[in-house]
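The values are calculated or read from the model by the stated rules, or taken from the named source; none is laboratory data. Please read all numbers here as calculations on a predicted model, not as lab measurements. In this analysis, Cβ positions are derived from the backbone assuming ideal geometry, glycine residues included, and neighbour counts consider all displayed protein chains.
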Amino acid sequence: MTDFSVSSKLGGGDDSTLTARFYADWLNTRFDSRTEEVLALSVGDDGAAVLGPKNLTPSRFQTRQRSLGSQIQHNWQFAPNQSIVYGFDFRSTQVENLRQNLVTEVETIGYEDTINQGALFAQYSIKPIESWNIVVGLRQEFSSLNEGSVFSPTVGTKFSLGESTTLRANYIRNFRLPSLSNLFNVSPASIGNPDLEPERGNSFDLGIDQSFGDFALLRLTYFNNTISDLIAFRRITPAENGISGTFQNLGKVRTQGLEASLNVRLADNVFASAGYTLNSPTILESVNPGEEDNELRFSGADKLNLGLWYERPSGWYAGILMSSLGSYPTNNTNTEFLSGYTTFDLRFQVPVSEQISATFGVQNLFDQRYQLFAGYPNAGRTLEGSLNYRF
C-alpha cells in the first residue's frame with residue numbers, strides 16, 4: 001500500500017488549505033487446494049451406492065487486485081463559526097483471477113475486469129451558538145457499473161449540556177457497489193453474480209458522552225442501519241453443477257444495537273478501557289421466505305473489549321488488550337452456529353530516537369484456537385514488529 005499527499009495553505013492565514021492525495025494499492029491472495037482424492041458416493045454397475053475415491057485436481061487460485069486513486073480537497077474556514085470542505089475523488093480497481101493446475105502448471109483466467117468510481121463531495125459546518133454544532137454533507141457517486149450513480153446526503157449534530165455532557169445524532173444515506181469478486185468470482189467455483197444491484201440504505205445513531213472530571217469518559221450509542229438489496233453469499237443445497245452457492249441481493253436487513261465504552265485514567269500514564277457492542281441484524285425481506293426474521297449470517301456476534309496500558313508522552317507504550325466475540329450463525333436459516341472466542345494481545349512501543357520508534361507485539365497470546373468460518377481455523381499466535389522513521 002502506498003500513499004502520497006501534499007498540502008498547501010492558500011492565502012495569508014491558516015483558514016484555507018488545499019490537499020492532493022494519490023495512492024496505489026496492490027493486494028494478492030492465493031488459495032491452494034492440494035487434495036488429490038476424497039471419498040465420495042457413486043452408483044455401481046448394479047445400481048447400488050458405492051463409497052470410493054473421487055479424484056480432484058490439485059489447483060491454485062490467485063486473485064491480483066490493483067487500485068489507483070486520487071483525491072483533491074479544499075478546507076476553508078470562511079467565517080469564525082462556519083467552514084466548508086469540498087472536492088472530488090477517483091478510484092480505478094483492476095482485478096485478475098487465475099486458476100493454475102498444479103499438475104500440468106497450465107493457467108486459465110477466471111475473470112479480468114476493471115471498475116472505475118468517482119465522486120463529488122461537499123460538507124458544511126456551522127456553530128449557531130458555541131455549544132451547538134451542525135454538519136451537513138452531500139456526495140454524488142459515479143461508477144462504470146450499471147446503477148452505479150447515486151446521491152448520498154448526511155447530517156449530524158452535537159449539543160453540549162454544560163462542560164461534561166454532550167448529545168449527538170447522525171444520519172447518512174448509504175450506498176455500496178458490488179466488488180469484482182462479488183460479480184465475477186470463479187474460484188474455486190462460479191459463485192459470482194454479474195446481475196447484482198448496489199446496496200442502498202439509511203443509517204442513523206443517537207448518543208451521549210459523559211465525562212467525569214479529567215479522568216474518565218463514558219460513551220453510549222444506539223445505532224440503526226437498514227440496507228436494501230444487501231449483497232450476501234447464499235448457499236445452494238444440494239450443490240448444482242459443483243456450485244455450492246452464489247452472491248445474491250438478499251433483500252432487506254436491519255441492524256440495530258447498542259455500544260458502550262468507558263475510558264479511565266487510573267494514575268499518571270496508566271489507562272484502562274472497556275467497550276461492549278450489542279448487535280442484532282435481522283433479515284426483514286429475503287429471496288428465501290424461510291430466512292425472514294432470522295439473524296444475518298456472520299454478522300450478529302456481540303463483542304467485549306478490555307484494555308490496560310502504560311503510555312508516556314515521550315513515546316513509551318506497553319499494553320494488554322482482550323477481545324471476546326460471542327457466537328453467531330453461519331447460515332441465514334440459523335441452523336448452524338460457530339462458538340465465540342476470547343483472545344489477548346500484547347503491544348509495545350519503544351522510542352529509539354526523536355525520529356525512530358520500534359513497535360512489536362503478540363496477537364492471540366495464549367494461542368487460542370477458533371474458526372471465523374466453518375472449516376477454516378485461525379492463524380494462532382502471531383508475532384509482529386515494525387520500525388518507524390519520521391523525517
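Here's the yes/no breakdown for (1) in contact with an Asp or Glu (Cβ under 9 Å, 6 or more places away or on another chain); (2) touching a residue at least 60 places away in the same chain (Cβ under 8 Å); (3) β-branched (Val, Ile, Thr):
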| site | (1), (2), (3) |
| --- | --- |
| 144 | no, no, no |
| 149 | yes, no, no |
| 152 | yes, no, no |
| 162 | no, no, no |
| 178 | yes, yes, no |
Open item on the list: I need a count of the residues in the stretch 372-382 that are part of a strand (DSSP E or B) and either touching a Leu at 6+ places or on another chain (Cβ under 6 Å) or modelled with pLDDT under 90 (or both).
Closed with: 4
TODO: Might you let me know whether the stretch 353-374 holds any residue that is out of contact with any strand residue (DSSP E or B) (no Cβ under 9 Å at 6 or more places or on another chain) and either within 30 Å of residue 218 (Cβ to Cβ) or in contact (Cβ under 8 Å) with a residue 40 or more places away in the chain (or both)?
DONE: no
Task: Candidates 302, 345, 293, filtered to the one that is more than 30 Å from residue 251 (Cβ to Cβ) and among the acidic types (Asp, Glu) - done: 345
Open item on the list: Show the residue pairs meeting these rules: Cβ distance below 6 Å; 6+ apart or different chains; first residue within the stretch 279-292 and modelled with pLDDT of 90 or more; second residue assigned to a strand (DSSP E or B) and basic (Lys, Arg).
Closed with: 282/254; 284/252; 284/254; 285/252
Task: residue 247 being in contact with a Phe, Trp or Tyr (Cβ under 6 Å, 6 or more places away or on another chain), surrounded by fewer than 17 Cβ atoms within 10 Å (Cβ to Cβ), of a type in the set (Phe, Trp, Tyr) and not in a helix (DSSP H, G or I) - done: no
Task: Residue list for the stretch 100-152, filter: farther than 25 Å from residue 183 by Cβ and of a type in the set (Asp, Glu) - done: 105, 130
Task: The one condition in (1) crowded, with 17+ Cβ neighbours inside 10 Å; (2) part of a strand (DSSP E or B) that residue 88 fails to fulfil - done: (1)
- [ ] List every residue pair whose Cβ atoms lie under 6 Å apart, where the two residues are 6 or more positions apart in sequence or sit on different chains, the first residue falls within the stretch 56-73 and is closer than 21 Å to residue 31 by Cα and without any contact (Cβ under 8 Å) to a residue 24 or more places away in the chain, and the second residue, located anywhere, is of a type outside the set (Lys, Arg) and surrounded by fewer than 17 Cβ atoms within 10 Å (Cβ to Cβ).
- [x] 56/35
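Quick grid of which residues meet (1) of a type in the set (Ser, Thr, Tyr); (2) closer than 30 Å to residue 271 by Cβ; (3) at pLDDT 95 or above:
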{"position": "300", "(1), (2), (3)": "no, no, no"}
{"position": "307", "(1), (2), (3)": "no, yes, yes"}
{"position": "326", "(1), (2), (3)": "no, yes, no"}
{"position": "341", "(1), (2), (3)": "yes, yes, no"}
{"position": "348", "(1), (2), (3)": "no, yes, yes"}
{"position": "361", "(1), (2), (3)": "no, yes, yes"}
{"position": "367", "(1), (2), (3)": "no, yes, no"}
{"position": "370", "(1), (2), (3)": "yes, yes, no"}
{"position": "384", "(1), (2), (3)": "no, yes, no"}
Task: Filter result for residue 11 (surrounded by fewer than 14 Cβ atoms within 10 Å (Cβ to Cβ), assigned to a loop (DSSP other than H, G, I, E, B) and at pLDDT below 85) - done: yes
Open item on the list: Quick check on my filter: what residues within the stretch 92-142 are closer than 19 Å to residue 171 by Cα, free of Cβ contacts under 8 Å to residues at least 24 places away in the same chain and of a type in the set (S, T, N, Q)?
Closed with: 140
